[in-house]
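Step one of this worksheet: look at the structure below.
The values are calculated or read from the model by the stated rules, or taken from the named source; none is laboratory data. Remember, it's a predicted structure, so these values are computed and weren't measured experimentally. Ideal geometry is used to build each Cβ from the backbone, glycine not excepted, and the neighbour counts take in all protein chains shown. All accessible areas refer to the heavy atoms of the entire protein, side chains included, with ligands and DNA or RNA removed. Shrake-Rupley method; radii C 1.70, N 1.55, O 1.52, S 1.80 Å.
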Amino acid sequence: MPMLLRRRVGALGQQALRAAWSMPQSASARLVFASRHGEFPRTLSIMDSLAAGEPVLPADFTLSVHHALAGLLSIARSNHHGHTAIAAGRDSFGCGLLEAAACLAEKPDEPVLFVYYDEQLPSPFSDFDEDGAPLAVALTLAAGGGSSIGLTLSARPADMPVSRTPAEDFLRFLLDRAPSAASPGERHLWRWTR
């Protein structure tokens, strides 16, 4: 990954871009990025500057938008296949995966690179969000691959606790080779089957 690309983003963004860059299809696949909060420290820096009456750094403003990482990757890889950025609260991973699957269903001959990244919010915002360690995941969805995974969703029952780690739930499902798994999101119950 080029130094210029790494220097422009924070630690979480670097993890996400490193994961995406390592995928062979990153130059030719449609890109779907998903994150609950994006690079929140950058947004917090902007808010602090505004509260102090100081000017906002142009680079901070440019890179604070939710699709900034997808844009940087597409520019660095000369990828002209389009990109989408998803932010859907605790359902961000599931909604991003659903968007990637929909893109693949629309154009089965074009692979889709799905990148999910998130981390716990800094204090004092961490009181509202108890998610764990930073995580960056890159997955390629392609037609005609070796394994087929089904994705269904339904409304999450009100008495069912919300998963704090839906992306990790999915990764466990992939690695354990379980026939099925589920992850309760904020609004949806996400189910995966083989």
- prompt: If you take the residues in region 5-16 that are without any contact (Cβ under 8 Å) to a residue 60 or more places away in the chain and not in a loop (DSSP other than H, G, I, E, B), which one is least open to solvent (accessible area, probe 1.4 Å)?
  reply: Q14
- prompt: If a residue has to be out of contact with any Cys (no Cβ under 8 Å at 6 or more places or on another chain), crowded, with 24+ Cβ neighbours inside 10 Å, under 20 Å from E119 (Cα atoms) and at pLDDT 90 or above to count, how many in region 17-44 make the cut?
  reply: 4
query: Do we find a residue being closer than 18 Å to A100 by Cβ and among the polar types (S, T, N, Q) anywhere in region 8-19?
result: no
- request: Determine, yes or no, whether S49 is of a type in the set (S, T, Y), farther than 30 Å from R156 by Cα and buried (at least 17 other Cβ atoms within 10 Å of the Cβ).
  value: no
- request: Check Q25 against each of (1) within 26 Å of T193 (Cβ to Cβ); (2) assigned to a loop (DSSP other than H, G, I, E, B) and name the one condition it does not meet.
  value: (2)
query: (1) among the charged types (D, E, K, R); (2) at pLDDT 85 or above; (3) within 30 Å of S28 (Cα to Cα): which one isn't true of R156, the others all being true?
result: (3)
statement: When (1) touching a strand residue (DSSP E or B) at 6+ places or on another chain (Cβ under 9 Å); (2) aromatic (F, W, Y); (3) exposed (fewer than 15 other Cβ atoms within 10 Å of the Cβ) are applied to F173, the one that fails is (3)
query: Counting only residues that are of a type outside the set (S, T, Y) and touching an Asp or Glu at 6+ places or on another chain (Cβ under 8 Å), which one in region 70-87 is most open to solvent (accessible area, probe 1.4 Å)?
result: H81
